[in-house]
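Everything on this sheet refers to the single structure shown next.
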Amino acid sequence: ITTTQETEMEFEGKKLNENELRAVKSVIRSSNHPLSRALNEHIDISSYQEPVTNYKEITGKGIEGQIKDYFVQVGSAKMVGEVNIKNESKSIIYIKINDEIKGFYKNKNIYRKNVEQVFKELANHYEMSLISGDHEGEAKNLEKILPEGTVLLFNKSPQNKLDYVKKLQNEGKHILMVGDGLNDAGALAQSHVGIAISEDINVFSPACDGILDAKLFNKLPYFLKLSRQTVNVIKWSFVFSFLYNIIGMYFAVTAQLTPLVAAILMPLSSISIVVFVSVMTNIIGYKK
């Protein structure tokens, strides 16, 4: 589940000059990953107008690309070949330019509005797991807002996420996955239902069953409740349709219906079910 609304960034290392900052921004602007978007907003400088060449987004590691004389790599310690990994509570985004590690951005997450209430409502109906590729430093903060019993898994690759979904499915569980980036694409596709959270619903989102505007994240429990109630309406419509036809069949086989009356009642049954479903779904929708 995606919990972060915005981030606070600070840089440590060799100060990047103006051209290096432009190069970094030019490369990360093509990525839809939440951290890339956050870093793109943080770097307050215009990017180069030239296209980025040899651009790659390496799932679970980071991105790289060439622009002008700069070959830029942005991402995890593995991405840039850093051996002295920082053990911090914040997410670390390393910057490497032309084979030189310049430093890293430390990212502090600010959680979405009402996220604690969202989890509390979801816990009333579902078992929850939070699986992330980020550092486990966020665990202490998340434990304060997540319901007791929530499974927390960190430092997980996209394959780990996919395998975890498969594991739960093999246990007979039905999985709803909520994610926001390419790292979640495999797990979203594997889940019974996959929902992609997007800050901008017009940009690329991984294959999924639905796309939810990030501003409506706090409405997620309501949408799921609406789905459950709508399924109940559909079940009742089948019940009414079955009873309608059984009763009609009884009068038909006992010759108590004339052909004209039967011809009128037949389409009327379909119309009545459509009216029932339309009225009930509208009532459910307006209850909120």
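The values are calculated or read from the model by the stated rules, or taken from the named source; none is laboratory data. As the structure is a computational prediction, the values presented were derived from the model and not from experiment. A quick note on method: Cβ atoms are made from the backbone with ideal geometry, for glycine too, and the neighbour counts reach across all protein chains shown. These accessible areas exclude ligands, DNA and RNA; they are computed on the full protein's heavy atoms, side chains included. Shrake-Rupley method; radii C 1.70, N 1.55, O 1.52, S 1.80 Å.
So for the chain, averaging the separation of alpha carbon pairs under 8 Å that are six or more residues apart and normalising by length, what relative contact order in percent results? Before the final figure, lay out each step's value.
Details: 417 pairs, mean separation 38.8, N = 288.
Relative contact order here is 13 percent.
Gain in length, S237 to A139, computed as 0.36 nm per residue apart minus the alpha-carbon separation, to one decimal in nm? Walk me through the numbers on the way to the answer.
Numbers: separation 98, 0.36 × 98 = 35.28 nm, distance 4.55 nm.
Here the answer is 30.7 nm.
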Give the Kirkwood hydrodynamic radius (Å, one decimal) of the range 195-271, defined as one over the mean of 1/r across all pairs of different Cα atoms. 16.4 Å
Counting only DSSP beta bridges with both residues in the chain, what percent are antiparallel, rounded to the nearest 5? 75 percent
From phi via Karplus (6.51, -1.76, 1.60), per-residue ³J(HN,Hα) for the range 145-158 in Hz, x at Gly/Pro: 10, 8, x, 4, x, 5, 7, 10, 10, 10, 6, 9, 7, x
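Which value, in Å², gives the accessible area per residue of the chain when a 1.4 Å probe is used on the protein heavy atoms?
On the way: 16990 Å² over 288 residues.
For the chain, the solvent-accessible area averages 59 Å² per residue.
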Please list the non-local residues whose amide H lies under 5 Å from the amide H of F71, H modeled 1.01 Å from N, same-chain partners needing a gap of 5 or more. N98
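Filter K25/K102; K78/K156; K61/K166 down to the pairs with a C-alpha to C-alpha distance above 18 Å, please. Show your work: numbers first, answer last.
Numbers: K25/K102 15 Å; K78/K156 13 Å; K61/K166 22 Å.
In this structure, K61/K166 lie more than 18 Å apart at Cα.
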For the chain, modelled as a GNM with alpha-carbon contacts under 10 angstrom, which of F119, F154, F276 fluctuates the most? F276
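How do the peptides 185-192, 53-60 rank, highest first, by the average count of neighbouring beta carbon atoms within 10 Å per residue?
Details: 185-192: 20.5, 53-60: 13.9.
In descending order of packing, they fall as 185-192, 53-60.
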In nm, to one decimal, how far is the modelled label at F251 from the one at K68, with both set 7 Å along Cα→Cβ? 8.3 nm
In a Gaussian network model over the chain where Cα atoms closer than 10 Å are linked, find which of P51, P259, P221 has the largest mean-square fluctuation. P259
